[in-house]
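Peer 1: Before I ask anything, here is the structure I am working with.
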Amino acid sequence: MSRWAWAEVSASAIAHNVRTLADLAAPAQVWAVVKADGYGHGAVLAARAAQAGGAHGLCVALVQEGVQLREAGVQGPILVLSEQPSTQTTMAIAAGLQLTVYSADGLAAIAAAGAHDHPVHLKIDTGMRRVGATGHETVALAQAIVASPATRLEGVFTHLAVADEPQNPFTGQQLARFDEALARLAAAGVQPPLVHAANSAGALAHPRARYGMVRVGIAIYGISPGPGVDHLCTDLRPALSLHARVSHVKRVGAGERISYGLRHTFAADATVATLPLGYADGVPRRLHAVGGTVLLGGGHRPIVGVVTMDQLMVDCGDDPVQVGDDAVLIGSQGGHTITAGDWAERLDTIAYEIVCGISARVERRAT
Ligand SMILES: Cc1ncc(COP(=O)(O)O)c(C=O)c1O
């Protein structure tokens, strides 16, 4: 053990989650989104587990992420979800990565890199306003992809902005715009093998968004995309837990203060345990100020004082605690559970940011 802090990642939980999503979305194919190092879970582990669970393909954000999977021996379709610098195109083609296109420049870069019959997915912006071809560009670009010997139109897709709010009518509007675009493409004689729109929340909450494939990220890690769809995630299993061992124990007196800024004052004498994890590991500095706890000795212990770069402190009251005791920051102990979603709620963010924020220096142990 290199340090007393680590994350455990369950490949079987990811495989289970993919199977669950595949059953739900069938006959649509499931493509597992493993960008950002598998949302902090480890990209190679996540990719292999997703494939074991029946994922048909994988999605990444960066060419380098796809190359990393290939170098680890991961086979099968891998889609890069947005256009990348043209300097990356040769590498992407050599690695057999399917590419997203939504501009004439993006298409030209693939041809210039010497591709032949390379599978590309045309992305259409239906309201996310991030990337994607818009209305009038779509048919011309699709026809150019079809006409070019460098490329083959493998898919057409869009991305949903509010799928995690099932009552929000905007998803219906996006899907209507997408259907119109598909109809215009069909009228122009363009019929892509794959049509896709749904992220996790789309796949879970909007059957109409499933089309021929779904691109599921957060849900394969057993994490709900947001409170509005929590009730649809009860069959999913969280794949990651975050652990530490107590590295130091001391007694403090009532009235004493602790950590940078001395922002916490002890109301009573207490035993304080130090855990060797901090904000450089992805534990937000202000978790102490929003009621953050860790599980130690079978119960919740409040984090006291600001979280420092490498260490944090918890108040154990008068309970016994020793150096080497196991603490759980995300996960379960003694019948209690803390989820990434709990942190997110306290910190007014989303669980995605929590798990992606667990930094590279936290060893991931496959379980
Ligand atoms: C284009 C695209 N598709 C799918 C996903 C997966 O989203 P989720 O993790 O909500 O399933 C993402 C993630 O941000 C994305 O950018």
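The values are calculated or read from the model by the stated rules, or taken from the named source; none is laboratory data. Quick caveat, the model's predicted, so the values are computed rather than measured. Neighbour counts run over all protein chains shown; Cβ positions are idealised from the backbone, glycine included.
Peer 1: Scan the range 214-236 for residues that are crowded, with 17+ Cβ neighbours inside 10 Å and away from the ligand (no atom under 11 Å from the Cβ) and jot them down. Before you say what the answer is, go through the steps one by one.
Peer 2: Of the residues in the range 214-236, the ones crowded, with 17+ Cβ neighbours inside 10 Å are 214-226, 228-229, 232-233, 236.
The answer is Gly222, Gly228, Leu232, Cys233, Leu236.
Peer 1: Looking at Ala203, is it farther than 18 Å from Leu122 by Cβ and either within 15 Å of the ligand (Cβ to nearest atom) or among the hydroxyl-bearing types (Ser, Thr, Tyr) (or both)?
Peer 2: Criteria met by Ala203.
Peer 1: May I ask you to say which residue of Gly282, Gly253, Gly335, Gly292 is surrounded by fewer than 20 Cβ atoms within 10 Å (Cβ to Cβ) and under 30 Å from Gly38 (Cα atoms)? First the steps, then the outcome.
Peer 2: Details: Gly282 fails: surrounded by fewer than 20 Cβ atoms within 10 Å (Cβ to Cβ); Gly253 fails: under 30 Å from Gly38 (Cα atoms); Gly292 fails: surrounded by fewer than 20 Cβ atoms within 10 Å (Cβ to Cβ).
After applying the criteria, what remains is Gly335.
Peer 1: Only one of these conditions is not met by Ala140: (1) away from the ligand (no atom under 16 Å from the Cβ); (2) under 23 Å from Ala209 (Cβ atoms). Which number is it?
Peer 2: Looking at each condition in turn, Ala140 falls short on (2).
Peer 1: Taking the range 303-319 on its own, how many of its residues are part of a strand (DSSP E or B) and within 29 Å of the chain's Cα centre (by Cα)? Step through it out loud before you land on a result.
Peer 2: The first filter runs over the range 303-319 and keeps only residues part of a strand (DSSP E or B), leaving 303, 312-315.
Next cut, within 29 Å of the chain's Cα centre (by Cα) only: 303, 312-314.
Of the residues in that region, 4 qualify.
Peer 1: Right, next: Go through (1) in a loop (DSSP other than H, G, I, E, B); (2) under 26 Å from the mean Cα position of the chain (by Cα); (3) farther than 30 Å from Leu45 by Cα and name the single condition Leu175 misses.
Peer 2: The number of the failed condition is (1).
Peer 1: Another question about this same structure. How do the helices (runs of 4 or more DSSP H) wholly within the range 40-134 filter down when requiring 2 or more residues that are within 18 Å of Pro149 (Cα to Cα): which remain?
Peer 2: Details: elements: 43-52, 63-71, 89-94, 104-112.
Answer list for the range 40-134: 89-94, 104-112.
Peer 1: Which one is farthest from Val30 (Cα to Cα), of the residues in the range 204-240 that are under 12 Å from the mean Cα position of the chain (by Cα) and not in a loop (DSSP other than H, G, I, E, B)?
Peer 2: Leu240
Peer 1: Which number in (1) in contact (Cβ under 8 Å) with a residue 40 or more places away in the chain; (2) of a type in the set (Asp, Glu); (3) assigned to a helix (DSSP H, G or I) marks the one condition that Glu8 misses?
Peer 2: For Glu8, the failing item is (3).
Peer 1: Which residue out of Ala13, Ala55 is within 14 Å of the ligand (Cβ to nearest atom), modelled with pLDDT of 95 or more and not basic (Lys, Arg)?
Peer 2: On the way: Ala13 fails: within 14 Å of the ligand (Cβ to nearest atom).
Unique residue meeting the criteria: Ala55.
Peer 1: Right, here's the next one. Would you confirm, using the coordinates I've provided, whether Tyr260 is over 25 Å from the mean Cα position of the chain (by Cα) and away from the ligand (no atom under 16 Å from the Cβ)? Spell out how you get there, then give the answer.
Peer 2: Numbers: over 25 Å from the mean Cα position of the chain (by Cα): yes; away from the ligand (no atom under 16 Å from the Cβ): yes.
The answer is yes for Tyr260.
Peer 1: Kindly provide the set of residues from the range 7-27 that are among the hydroxyl-bearing types (Ser, Thr, Tyr) and within 16 Å of Ser241 (Cα to Cα), ordered by number. Reasoning before the result, please.
Peer 2: If we filter the range 7-27 for residues that are among the hydroxyl-bearing types (Ser, Thr, Tyr), which is where we start, we get 10, 12, 20.
Of everything in the range 7-27, those that are among the hydroxyl-bearing types (Ser, Thr, Tyr) and within 16 Å of Ser241 (Cα to Cα) turn out to be Ser10, Ser12.
Peer 1: Where residues in the range 26-36 are surrounded by fewer than 22 Cβ atoms within 10 Å (Cβ to Cβ) and either without any contact (Cβ under 8 Å) to a residue 60 or more places away in the chain or more than 21 Å from Cys356 (Cβ to Cβ) (or both), which of them is farthest from the ligand (Cβ to nearest atom)? Let's see the steps before the verdict.
Peer 2: Kept after step one, since they are surrounded by fewer than 22 Cβ atoms within 10 Å (Cβ to Cβ), are these residues of the range 26-36: 26-27, 29, 35-36.
Adding the requirement that they be either without any contact (Cβ under 8 Å) to a residue 60 or more places away in the chain or more than 21 Å from Cys356 (Cβ to Cβ) (or both) leaves 26-27, 29.
Working: Ala26: 17, Pro27: 19, Gln29: 14 Å.
Checked the range 26-36; the qualifying residue farthest from the ligand (Cβ to nearest atom) is Pro27.
Peer 1: Consider the range 169-213. How many of its residues are aromatic (Phe, Trp, Tyr) and in contact with a Pro (Cβ under 7 Å, 6 or more places away or on another chain)? Write out each step before concluding.
Peer 2: Going residue by residue through the range 169-213, those that are aromatic (Phe, Trp, Tyr) are 170, 178, 211.
Pick out the ones that are also in contact with a Pro (Cβ under 7 Å, 6 or more places away or on another chain) and you get none.
Looking only at that region, the number is 0.
Peer 1: Please verify whether the range 287-297 includes one or more residues that are outside any strand (DSSP E or B), touching a residue at least 12 places away in the same chain (Cβ under 8 Å), in contact with a His (Cβ under 7 Å, 6 or more places away or on another chain) and among the hydrophobic types (A, V, I, L, M, F, W, C).
Peer 2: No, because not a single residue in the range 287-297 is outside any strand (DSSP E or B), touching a residue at least 12 places away in the same chain (Cβ under 8 Å), in contact with a His (Cβ under 7 Å, 6 or more places away or on another chain) and among the hydrophobic types (A, V, I, L, M, F, W, C).
Peer 1: Just one of Gly155, Gly114 is at positive phi and either surrounded by 22 or more Cβ atoms within 10 Å (Cβ to Cβ) or of a type in the set (Gly, Ala, Ser) (or both); which is it? Give the steps one after another, and end with the answer.
Peer 2: Working: Gly155 fails: at positive phi.
Checking each option against the conditions leaves just Gly114.
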